[in-house]
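Remarks on the structure that follows.
The values are calculated or read from the model by the stated rules, or taken from the named source; none is laboratory data. Just so it is clear, the structure is predicted and the values come from calculations on it, not from any experiment. When we count neighbours, we look across all protein chains shown, and the Cβ atoms used for this are built from the backbone with ideal geometry, even at glycine.
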Amino acid sequence: MLSTRDLSSLPELGQFRRLCQSLATLDAILCPEWQYRYYSFNSKWADGQEMASMRDGCGDSYFILFTEAGAILKGLAHNSAAWQKTLDFARPLPGVFDQVPVEFANFLCESAFSIQDTTFCIWRRRGDPSWQVGAIEPLDGEDPDGSAELLRLLDGDPEAYRTWAEDYFETSVARSAADHIYAHRPLTDEIVKALNPELSLVDLEEDLAEIAYPTLMQ
């Protein structure tokens, strides 16, 4: 299971970025109302930076910053043991940020990410052989920092997203269309309508421009 205890199923940087774009694109198609979406991707976050996020509407979230150096992610799970200890410490647990590379220093100062409200942090520089996590004192429990719950759709399995989305959005999700977007293939009107008959590529123009997801306009 993907979590800070085992990050081996988290994709490499390029594939990870494309996955985040795919998740945001699927949410944009299935849920035109922005406030009810889980996943977003802003390709124009800042000069040389892109930002992906997940917000569940109940306070749990993660933020990912993509830079020329690589990517860094911080997550917050309110029901986790790590969050209870964070409240006791009145700051993130020792080790969560202590080993974050200097290349990501700006991430730790970004107020939009609510850095103080963090239960786990992972990162990967372009030269790193794998994803990294700080040296944190182990906590008891199956998912003590909430990372397994928050990262569960980041292993690249479209079926996991389809199962989740059908439950959350209360609609059927066409398997072939979800696979198409997970594979990061250019979006067409046919794929959009297979997921949401009431939308077209034109309707999604603004969202897709922000996400920077490839399209085939007809």
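Numbers at a glance
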{"read-out": "Any pair with Cβ under 6 angstrom, 6 or more apart, that starts in the range 163-187 at a residue that is more than 22 Å from V202 (Cβ to Cβ) and surrounded by 13 or more Cβ atoms within 10 Å (Cβ to Cβ) and ends at one that is modelled with pLDDT of 95 or more and among the hydroxyl-bearing types (S, T, Y)", "value": "Y182/S22"}
{"read-out": "Residue count for the range 148-175, restricted to those that are under 15 Å from T25 (Cα atoms) and either small (G, A, S) or part of a loop (DSSP other than H, G, I, E, B) (or both)", "value": "7"}
{"read-out": "Contacts under 8 angstrom Cβ, first residue in the range 87-111 being over 13 Å from R125 (Cα atoms), partner surrounded by 15 or more Cβ atoms within 10 Å (Cβ to Cβ) and charged (D, E, K, R), 6 or more apart", "value": "L93/K85; F107/K74"}
{"read-out": "Residue satisfying all of: in the range 178-213; within 22 Å of the chain's Cα centre (by Cα), of a type outside the set (A, V, I, L, M) and in a loop (DSSP other than H, G, I, E, B); nearest to L65 (Cα to Cα) among these", "value": "Y213"}
{"read-out": "Matching entry among A174, A178, A165 (being of a type in the set (A, V, I, L, M, F, W, C) and over 16 Å from Y39 (Cα atoms))", "value": "A174"}
{"read-out": "Failed item in (1) touching a Pro at 6+ places or on another chain (Cβ under 7 Å); (2) surrounded by fewer than 13 Cβ atoms within 10 Å (Cβ to Cβ), with Q35 passing the rest", "value": "(1)"}
{"read-out": "L30 within 21 Å of A178 (Cβ to Cβ), buried (at least 18 other Cβ atoms within 10 Å of the Cβ), touching a residue at least 40 places away in the same chain (Cβ under 8 Å) and among the aliphatic types (A, V, I, L, M)", "value": "yes"}
